[in-house]
Amino acid sequence: MTYFADVAALARKDILLELRSRDTLPAMLLFVVSALVVFHFSLPSDASATASTGLLWIALLFTALLGLGRAFTAEREQRVLDGLVLAPCDRSAIWLAKSLGVLAFLGVAEALALPAYALFFEPVGWELVAAVLLANLGLAAVGTLLAAMAAASRARELLLPLLFLPLVIPVVVGGVGATVVDNPGRYLGFLALYDLIFAILSWASFEYVVAE
Amino acid sequence: MSLRNNRAVLLAAAASVLLVAGLALALFWAPEDADQGFSQRIFYVHVPIALTAYACFGWGAWKALRLLWTRDSRYDLESYTAVHMGVIFGILTLVTGSIWAKISWGVWWTWSERQLTLFLVLFLFYCAYFMLRFSVESGPRRANLSAVYALFGVALIPVSFLAIRLAENFIHPVVFTRDGPQMSGSMFFVFCVCLAAMLGLFASLYTNELMGKRLDARLRELREALE
Amino acid sequence: MIQARGVGRRFASKRVIRDLDFEVRAGELLLVTGPNGSGKSTLLALMAGLLAPTEGEIEVDLPRGRIGYLAHEALVYKELTALENLELYGRLYHVAERRETTGALLERFGLWEVRHQRVGSFSRGMQQRLALCRVLLHDPELLLLDEPYSGLDASARSLVDDVLAEAAGAKTLVVASHEPEHVRPLATQALALA
């Protein structure tokens, strides 16, 4: 199917770009660890374990924001996005390829963040890992679309957090809930529902965000 | 043109009548609530305003969908106006809700009020809508971005509501409770009148603002044609 | 092939193009002239489908994959090599015999030696030549060229002359230029924007 061939071609390009410039991923890694260290200093000693869970999710959110802020910078320079939009491929393929890239970056960042969290704060259970993996899908899907929106505006880096944060509040609820509550099934299910709804919505509407 | 004017005037008149009737009924005619007393009456204002805000956002999303479907730029203005009204009614919801909370429980804000929390999240979301609009030049691109965002908004409403309910399990529950009003027949009647009044107010303000904005646009076009 | 009826485009409050009517049939070459800021680039972007008109309609009877658009910017990734950029576009446009076509174009435009260099290190002229490769890669039926000569030295200009000469009659062309002398002999239609 040519659709997936197009996605593969675009994803390949994104990986190549990151390997060349090597700026986004290292920044995300450093940021997430720095954030965790800051949180250690910001939590009073009698803070509960659940408080530190909440802070982990905040760290992950802002690390995602950091990565997403860079998602379309290469396309913005030289207006390459116009070149991609003019190609006969479905515009949603651009979204899918970018989201997969963002997903990969988030995964790598979390591969560092979760062990660091276990080291600094407390052990990481399977529920947290499952919640993080599910949350990644929603964050990448919605974030990529919003990053493209912000890239089309004058305000760019200023706009992305404003658009992003209200939309991902449910992800935080699902993620923290799954980690903290006794039976995480409902929360994991909720995260899956969020992912489904917003991935479909993002996939279908990306066309209108990048083309007139 | 005059037909449209007539409709606008009729709407405004109907809305005014309903508003006056609704408020009068709510203040004087509706039975006193056993638990909360006189202060409960703000319910007749608060909940209709909240429901009207939802209606505004829904209407805005519908117009947004029409825009994306037909690529007709007039839907952009309609969608924007509806969202704009929704934010105004949203602010009123938060304010009336806050007043009600203060009267009932003595606090200006409580997270245990699900509706209020939901509205706060939506309020943030739609404020970002305005930030988005202000930072993009007017034109087809801005119309498209606004429309997509408005659609995300209505998807967010049920998802957020679900999230807030789920969050109550681990976010420290505050001990305030409020029974959903078990409405007697007469209470329900007053509620319906007030709801109709608020919806009428939305319809009237919406029509007026649209007319005004369309006139502005037409004036601008004419001015340019003369240049 | 291209039909424009009452086309206008405004940006914020400024009307850049107003009330254009024209038609371009297959095999024609439309020359668009006008001073800077008269809307030449905007018009070509409208034809390419990158912009939607704010008034009127513009219809292009070709699918996206059969149109080639040369913009002011090269529309290539600075961090990728010339070859990688063309590879990407070759895949996206489903170009048959991608490697051969890419190699032939790079050679024709004198970029074969530097094909493994990052585009970021290219001069303006080299970027423009790469952009020309990109535009011709998928053998489009309609070529929209916005200032094809800009940034090019004499030898590169003759390359563009060749491209135009070859394409005239076989393909449909719209060329925007504020030095139209090279193109005028080939043009079948001219549109002067104020």
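The helices (runs of 4 or more DSSP H) found entirely in the stretch A:64-178 that carry 3 or more residues being within 14 Å of chain C (Cβ to nearest Cβ) and of a type in the set (A, V, I, L, M) are A:80-86, A:91-120.
Only residues that are assigned to a loop (DSSP other than H, G, I, E, B) and of a type in the set (Ser, Thr, Tyr): list them for the stretch C:35-75, please.
Correct list: C:Ser38, C:Thr54.
Scanning the stretch C:168-182 for residues that are touching a residue at least 60 places away in the same chain (Cβ under 8 Å), under 20 Å from C:Gly151 (Cα atoms) and over 14 Å from the mean Cα position of the chain (by Cα) yields C:His178, C:Pro180.
Here is a yes/no grid of residues against (1) under 22 Å from the mean Cα position of the chain (by Cα); (2) β-branched (Val, Ile, Thr); (3) within 30 Å of C:Gly68 (Cβ to Cβ):
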{"residue": "A:Gly83", "(1), (2), (3)": "no, no, yes"}
{"residue": "A:Pro88", "(1), (2), (3)": "no, no, yes"}
{"residue": "A:Arg91", "(1), (2), (3)": "yes, no, yes"}
{"residue": "A:Leu96", "(1), (2), (3)": "yes, no, yes"}
{"residue": "A:Gly101", "(1), (2), (3)": "yes, no, yes"}
{"residue": "A:Ala113", "(1), (2), (3)": "yes, no, no"}
{"residue": "A:Tyr117", "(1), (2), (3)": "yes, no, no"}
{"residue": "A:Val124", "(1), (2), (3)": "yes, yes, no"}
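Scanning the stretch B:103-126 for residues that are more than 7 Å from chain A (Cβ to nearest Cβ) and either within 17 Å of B:Ala64 (Cβ to Cβ) or not in a helix (DSSP H, G or I) (or both) gives B:Gly106, B:Val107, B:Trp108, B:Trp109, B:Thr110, B:Trp111, B:Ser112, B:Glu113, B:Leu122, B:Tyr126.
Determine if the stretch C:86-93 includes at least one residue that is within 9 Å of chain A (Cβ to nearest Cβ), in contact with a Pro (Cβ under 7 Å, 6 or more places away or on another chain), part of a loop (DSSP other than H, G, I, E, B) and closer than 26 Å to A:Phe72 by Cβ. Among the residues of the stretch C:86-93, at least one is within 9 Å of chain A (Cβ to nearest Cβ), in contact with a Pro (Cβ under 7 Å, 6 or more places away or on another chain), part of a loop (DSSP other than H, G, I, E, B) and closer than 26 Å to A:Phe72 by Cβ, which makes the answer yes.
Is there a residue in the stretch B:49-61 that is within 14 Å of chain A (Cβ to nearest Cβ) and closer than 15 Å to B:His84 by Cβ? First the steps, then the outcome.
Start the filter on the stretch B:49-61 by keeping residues that are within 14 Å of chain A (Cβ to nearest Cβ), which leaves B:57, B:61.
When the remaining residues are screened for being closer than 15 Å to B:His84 by Cβ, the result is B:57, B:61.
Yes - at least one qualifying residue is present in the stretch B:49-61.
Of the residues making up the stretch A:179-208, just one is closer than 16 Å to A:Leu55 by Cα and more than 8 Å from every other protein chain (Cβ to nearest Cβ), namely A:Thr179. A Cβ distance below 7 Å, combined with a sequence gap of six or more or placement on separate chains, defines the contacts here; from the stretch C:149-167, residues that are among the β-branched types (Val, Ile, Thr) reach residues that are not in a helix (DSSP H, G or I) in the pairs C:Val160/C:Pro148; C:Val160/C:Tyr149; C:Val160/C:Leu152. Select from the stretch A:1-13 the residues that are more than 7 Å from chain C (Cβ to nearest Cβ) and within 11 Å of A:Leu96 (Cβ to Cβ) and list them in ascending order. Residues satisfying the conditions are A:Tyr3, A:Phe4, A:Val7, A:Ala8, A:Leu10, A:Ala11.
Test C:Leu46 against the criterion of being within 13 Å of the chain's Cα centre (by Cα), within 7 Å of chain A (Cβ to nearest Cβ), crowded, with 21+ Cβ neighbours inside 10 Å and within 20 Å of A:Cys89 (Cα to Cα), and give yes or no. Judged against the criteria, C:Leu46 is not a match.
Can you tell me how many residues in the stretch A:181-192 are among the hydrophobic types (A, V, I, L, M, F, W, C) and buried (at least 18 other Cβ atoms within 10 Å of the Cβ)? Residues meeting the conditions: 3. From the list C:Arg10, C:Arg18, C:Arg5, the lone residue that is over 24 Å from B:Leu68 (Cα atoms), basic (Lys, Arg) and away from chain A (no Cβ under 11 Å) is C:Arg18. Take B:Thr81 and tell me if it is of a type in the set (S, T, N, Q), closer than 30 Å to C:Ala52 by Cβ and in contact with a helix residue (DSSP H, G or I) (Cβ under 7 Å, 6 or more places away or on another chain). For B:Thr81, the condition - of a type in the set (S, T, N, Q), closer than 30 Å to C:Ala52 by Cβ and in contact with a helix residue (DSSP H, G or I) (Cβ under 7 Å, 6 or more places away or on another chain) - is met.
Scanning the stretch C:79-120 for residues that are surrounded by 15 or more Cβ atoms within 10 Å (Cβ to Cβ), within 20 Å of C:Gly68 (Cα to Cα) and of a type in the set (Asp, Glu) turns up C:Glu84, C:Glu87.
For the stretch C:55-72, a residue qualifies if it is in contact (Cβ under 8 Å) with a residue 40 or more places away in the chain and surrounded by fewer than 20 Cβ atoms within 10 Å (Cβ to Cβ), and the qualifying residues are C:Glu55, C:Gly56, C:Glu57, C:Glu59, C:Asp61, C:Leu62, C:Gly65, C:Arg66, C:His72. Taken over the stretch A:14-48, the criterion of being under 19 Å from the mean Cα position of the chain (by Cα), within 14 Å of another protein chain (Cβ to nearest Cβ) and buried (at least 17 other Cβ atoms within 10 Å of the Cβ) is satisfied by A:Asp14, A:Leu17, A:Glu18, A:Thr24.
Listed here are the strands (runs of 3 or more DSSP E) enclosed by the stretch C:98-194 that have at least 2 residues being over 25 Å from A:Ala87 (Cβ atoms) and out of contact with any Leu (no Cβ under 9 Å at 6 or more places or on another chain), and there are none.
Read the figures in this text as sums done on the coordinates, not as results from a lab. Predicted model, so just to flag it, every value in this text is computed and none were measured. Cβ: placed from backbone, ideal geometry, glycine included. Neighbour counts: every protein chain shown.
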